[in-house]
Amino acid sequence: MALFNGVHYALSSSIQPGRHKELSALLDLHGATSAPPPTHIIALAGSHIQGEYEGSLHVVSDMWVQRCVVLGKRQPERYYSPDPIMIFSGVVACATDLSQWDLEVLSAGITSLGGQWRTALTRDVTHLFALHKQSNKYQTAMYFAPYTGMSILTPHWFDDSVQLGCCVPEIPYLWPDPEVLAR
C-alpha cells in the first residue's frame, strides 16, 4: 500500500511555488491525491492556519510530508502542527549523557511545545542533544545522520529557541564542532 494512500491534500497558499511543486510531487509519488474533498491541509511550519479548519480535517506542517517519506511510514499528524506556538512541532528529540534535571527540562519543554521525546535513540529521532562526543548515542547518531537528516546539537539550541519563541538556526549548535562551545 502507498505511503499516503487515502490522503487528499490541499497545499496552503503561503507555500512558495518551488516548495509547492516539491511537496505535490512527493505526495503524488507516494499515493496522495489533490482531488477534493481534502483530508489534509499542508501549511508551512509557523503558519496561523489552524483555526480556519474544523472537523476531521488534518492541518499539518510541510515537515510531516518530509518525515513520512524519510521514515517510510505515516507519522501521527498531531505532532506536526503548523501553529507558531508549537515551536518544536515535528521535532523528535533524545539526549545523551545529560543530568537528570537537564533531561526533565528538555523533555518537558519539547513535548509541551509540540514535539516528541524519546529516551532511546530511535530511527525517528530528528534531534539529539549532546555536550560531548564520547557517548555511544552520539557516535551512532553521527553515523546515521546523513541518512535520516538527524541534527546532533548542544542543548543550548533548545534554551535559545525557547527564549526567542522560535526554532533558531541550528548551525552554531551542530556537532562535531559547535560554535557555541567555542565562545
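The values are calculated or read from the model by the stated rules, or taken from the named source; none is laboratory data. Bear in mind the structure is a predicted one, so any value in this text is a computation, not a measurement. Don't worry about glycine lacking a Cβ; one is built from the backbone with ideal geometry, like all the others, and counts go over all protein chains shown. All accessible areas refer to the heavy atoms of the entire protein, side chains included, with ligands and DNA or RNA removed. Shrake-Rupley method; radii C 1.70, N 1.55, O 1.52, S 1.80 Å.
Structural remarks
- Search result, residues across segment 111-123 that are assigned to a strand (DSSP E or B) and open to solvent by 40 Å² or more (accessible area, probe 1.4 Å): Trp117
- Only one entry of Leu128, Leu181 meets the criterion of being among the hydrophobic types (A, V, I, L, M, F, W, C) and surrounded by 21 or more Cβ atoms within 10 Å (Cβ to Cβ), and that entry is Leu128.
- Identity of the residue in segment 137-173, aliphatic (A, V, I, L, M) and in a loop (DSSP other than H, G, I, E, B), that ends up surrounded by the fewest Cβ atoms within 10 Å (Cβ to Cβ): Val168
- Within the option set Ser81, Ser47, Ser61, Ser56, being hydroxyl-bearing (Ser, Thr, Tyr), at pLDDT below 90 and under 25 Å from Trp157 (Cβ atoms) holds for one residue only, Ser47.
- Test: residue in segment 124-136 that is assigned to a helix (DSSP H, G or I) and either under 22 Å from Leu3 (Cα atoms) or of a type outside the set (Asp, Glu) (or both): yes
- Selected residue (criterion: nearest to Ala130 (Cα to Cα)) from residues of segment 66-105 that are surrounded by fewer than 16 Cβ atoms within 10 Å (Cβ to Cβ) and small (Gly, Ala, Ser): Ser99
- Count of residues meeting criterion [in a helix (DSSP H, G or I) and either closer than 15 Å to Val125 by Cβ or in contact with a Pro (Cβ under 7 Å, 6 or more places away or on another chain) (or both)] in segment 59-92: 6
- Taking the listed residues Ser47, Ser56, the one that is open to solvent by 60 Å² or more (accessible area, probe 1.4 Å) and not in a helix (DSSP H, G or I) is Ser56, with no other qualifying.
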